[in-house]
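One structure is given below, encoded as structure tokens.
The values are calculated or read from the model by the stated rules, or taken from the named source; none is laboratory data. Remember, predicted model here, so these are calculated numbers, not experimental data. Every residue, glycine as well, gets a Cβ built from its backbone with ideal geometry; the counts of neighbours run over all protein chains shown. In case anyone asks, the SASA skips ligands and DNA or RNA and just uses the protein heavy atoms, side chains included. Shrake-Rupley method; radii C 1.70, N 1.55, O 1.52, S 1.80 Å.
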Amino acid sequence: MAVFVALGAFLMTLAGGWTAQRVTDRRHLVLGLAGGLMLGVVGLDLLPEALEAAGTEVFGVPAALLLFVAGFLMAHLVERLLAARQAAHGGEERDARVPEVGLTAAAAMVGHSAMDGVAIGAAFQVGGGMGAAVALAVIAHDFADGFNTYTITSLYGNARRRAVAMLVADAAAPVVGAASTLFFTIPEKLLGAYLGFFGGALLYLAAAEILPEAHHEHPARSTLLCTVAGAAFIWLVVGIAD
């Protein structure tokens with residue numbers, strides 16, 4: 001049942017990527033929406049789950065928040081190191097962006113989608129009702145995952161075939177993750193730590209890369225509205241799932 005439900009996440013992810021691909025003539029709106037979706041996922045979904053799962057504190061600060069900051073700084077460090085490495089080898093960034101950063105970010109999205117599949121499988125091990133609730137939440141926000149995966153990969157100058165390949169990998173990841181729960185489970189604290197770290201990295205991409213790019217050439221009110229709409233959509237999804 002968990003694998004069957006994960007197939008719904010597979011289709012929803014592809015739908016999100018297809019939508020991002022079809023509206024390239026409104027690139028600033030796509031980026032604005034992607035930034036809002038990522039902000040909503042981090043602030044309204046990932047962080048609350050991370051704080052609940054990884055409840056321990058380190059010097060008075062929740063471990064999940066420390067890892068959130070570490071994820072933000074790691075994303076910044078990786079981007080700068082890749083940029084410096086490419087410059088040292090005589091390479092040129094495309095529009096001041098390093099394609100490898102986009103691939104790295106998309107790979108992180110794939111890993112997150114695999115964890116979504118693990119969450120579905122673990123929830124069905126607890127019970128059918130719990131599994132259905134988690135599956136609803138995952139399938140609903142996998143549209144945003146597919147949208148963001150394709151957008152991030154393309155934003156950093158990667159060819160369309162690479163963006164599509166990462167999208168397909170992101171779509172297949174929940175199915176693989178759900179199937180893996182037949183063999184093992186992930187401790188709750190470790191899952192919380194992962195969510196905090198991934199949330200920090202995702203917020204960096206949204207705040208430092210995607211949203212500035214969305215407003216760079218088109219500082220329009222419609223772009224801002226798309227950002228707000230993206231965050232509001234995730235709020236709606238979280239509310240329905242709860």
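Conditions tested, residue by residue: (1) at pLDDT 85 or above; (2) in contact with a strand residue (DSSP E or B) (Cβ under 8 Å, 6 or more places away or on another chain).
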{"site": "Val58", "(1), (2)": "yes, no"}
{"site": "Val61", "(1), (2)": "yes, no"}
{"site": "Leu66", "(1), (2)": "yes, yes"}
{"site": "Met74", "(1), (2)": "yes, no"}
{"site": "Leu82", "(1), (2)": "no, no"}
{"site": "His89", "(1), (2)": "no, no"}
{"site": "Glu100", "(1), (2)": "no, no"}
{"site": "Ala114", "(1), (2)": "yes, no"}
Subset of region 203-234 [under 11 Å from His28 (Cβ atoms) and among the charged types (D, E, K, R)] = Glu213, Glu217
key: Residue count, region 158-193 (criterion: open to solvent by 60 Å² or more (accessible area, probe 1.4 Å), part of a helix (DSSP H, G or I) and either hydroxyl-bearing (Ser, Thr, Tyr) or at pLDDT 85 or above (or both))   = 5
key: Output for region 17-31, where each listed residue is at pLDDT 85 or above and crowded, with 24+ Cβ neighbours inside 10 Å   = Gly17
Single match in Leu236, Leu202 (criterion: open to solvent by 20 Å² or more (accessible area, probe 1.4 Å) and aliphatic (A, V, I, L, M)) = Leu236
